[in-house]
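Inspection log for the structure reproduced underneath, given as structure tokens.
The values are calculated or read from the model by the stated rules, or taken from the named source; none is laboratory data. From a predicted model like this one, the values you see are computed outputs, not experimental measurements. Note that we place each Cβ from the backbone using ideal geometry, even for glycine, and neighbour counts take in every protein chain shown.
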Amino acid sequence: MTTRRHVLAGFLGAVLPFGRRAWASPGAENLNLLVAGPDGEQTSRWGNACALAMSPGFPGTPDIIPQPAGGLDGVTGANQLDALVVPDGTTAAILPGAALIAWMTGDPRVHFDPTHWAPVLSGTNAGVLVVRLGNAAPSVTALQKFSPLRLAADSAHSGDLAALLALQCLNVPAAPLFGLRGTDAKTRAFTAGEVDAVFLSGEGVPEDIAPLSANGGVPVFCTGQLDATGATLPDALLPGVPDLASFAGACPSPLITAYQAAAAASRLDFFMVLPRLTDPGALAAWRRAGDVATASTALLAAASASSVMLQNADVTAANLAALNLSLTDQTGLQAFIAQRFGQQAG
């Protein structure tokens, strides 16, 4: 993460040689960016970078002022977006995918609905299940032979939910070892032989596979990427690794829709939205500025260094649409977590 932090910091320093407001156009009306996360942390850094890259896309090059709020999972910031932000087009919000996991799993702190937000842009990352298979070729049968598959995991209320649901859809008995927060902790457990599998997601996934591969790990399947229609595409960040459907074929599990939602949430490294009922003209202006940002050489370089793919409003909308679970699907998901993992789920 140090290298990725330095790339973003370098980008900010290059554009802001005299401080945050030095690039604002005199007389331009300021815009605001609610940042769902602490100042200086991952979502905050992307918020600063996107604000800088988007400014030239607005008439008058206005100053876009980031306003950090709440903790790392973005729940507090997301609550503020729904409760406090006026949909007058002057304030957008940037959030982490973790906030979407909290919404899916019924976190009692959640008082927001992401299915009503208007998307502007996003950055998506890769997600991949890496398993120590020995001499076996990757297949559903090979996974089922573990009985159970010991999976390194943070909790059932984290991005690891995508892996837990995928394994359930494949009828692979899983025994998650919870409490392993972050890639380093999971990698240590894998290297020590305490677990058989690790689900990697977030920034820098391709480079994080290397130490697992050195200890017998094989990338089995990934969450893929979505196009603007919501169709799953091969992940350019993980060439040659199949998505779940390509790996397993038809999957009739009643939890497949919940898996697709969890995959979308884990895939969204960050995403920028406007509140519901924002004027269409204002939304169009933010989206034009988003297109300017996602074509920016500096922002593209920062994204590449983090193994993040910049996405336009349409692809962002497709990912958020995957979260629009029916009541039956969301109830089934929460029942799965409670019945399978109980008090360990958090």
Query raised in the report: When you scan region 82-198 for helices (runs of 4 or more DSSP H) that lie fully inside it, which ones turn up with 1 or more residues that are assigned by TED's automatic domain parsing to the domain that holds residue 233 and touching a residue at least 24 places away in the same chain (Cβ under 8 Å)?
Result: 140-144, 161-169, 183-191
Query - Residue in region 52-78 that is nearest to residue 113 (Cα to Cα), counting only those that are part of a helix (DSSP H, G or I) and not β-branched (Val, Ile, Thr) - result: 78
Query raised in the report: Does residue 180 qualify as being of a type in the set (A, V, I, L, M) and under 20 Å from residue 99 (Cα atoms)?
Result: yes
**Report entry** Identity of the residue in region 161-219, of a type in the set (S, T, N, Q) and more than 22 Å from residue 141 (Cα to Cα), that ends up farthest from the chain's Cα centre (by Cα)
**Finding:** 191
Requested in this report: State all residues of region 233-254 that are surrounded by fewer than 17 Cβ atoms within 10 Å (Cβ to Cβ) and either without any contact (Cβ under 8 Å) to a residue 40 or more places away in the chain or within 20 Å of residue 196 (Cβ to Cβ) (or both); if no residue qualifies, say none.
Outcome: 233, 234, 239, 240, 245, 246, 249, 250, 252
Query - Residue among 57, 47, 71 that alone is at pLDDT 95 or above and surrounded by 22 or more Cβ atoms within 10 Å (Cβ to Cβ) - result: 47
Query raised in the report: Is it true that residue 201 is surrounded by fewer than 16 Cβ atoms within 10 Å (Cβ to Cβ), assigned by TED's automatic domain parsing to the domain that holds residue 175, hydroxyl-bearing (Ser, Thr, Tyr) and closer than 20 Å to residue 125 by Cα?
Result: no
Query - Test: residue 306 is of a type outside the set (A, V, I, L, M, F, W, C) and within 29 Å of residue 82 (Cβ to Cβ) - result: yes
Report summary line: Considering residues that are aliphatic (A, V, I, L, M) and touching a Ser or Thr at 6+ places or on another chain (Cβ under 8 Å), the number found within region 297-320 is 8
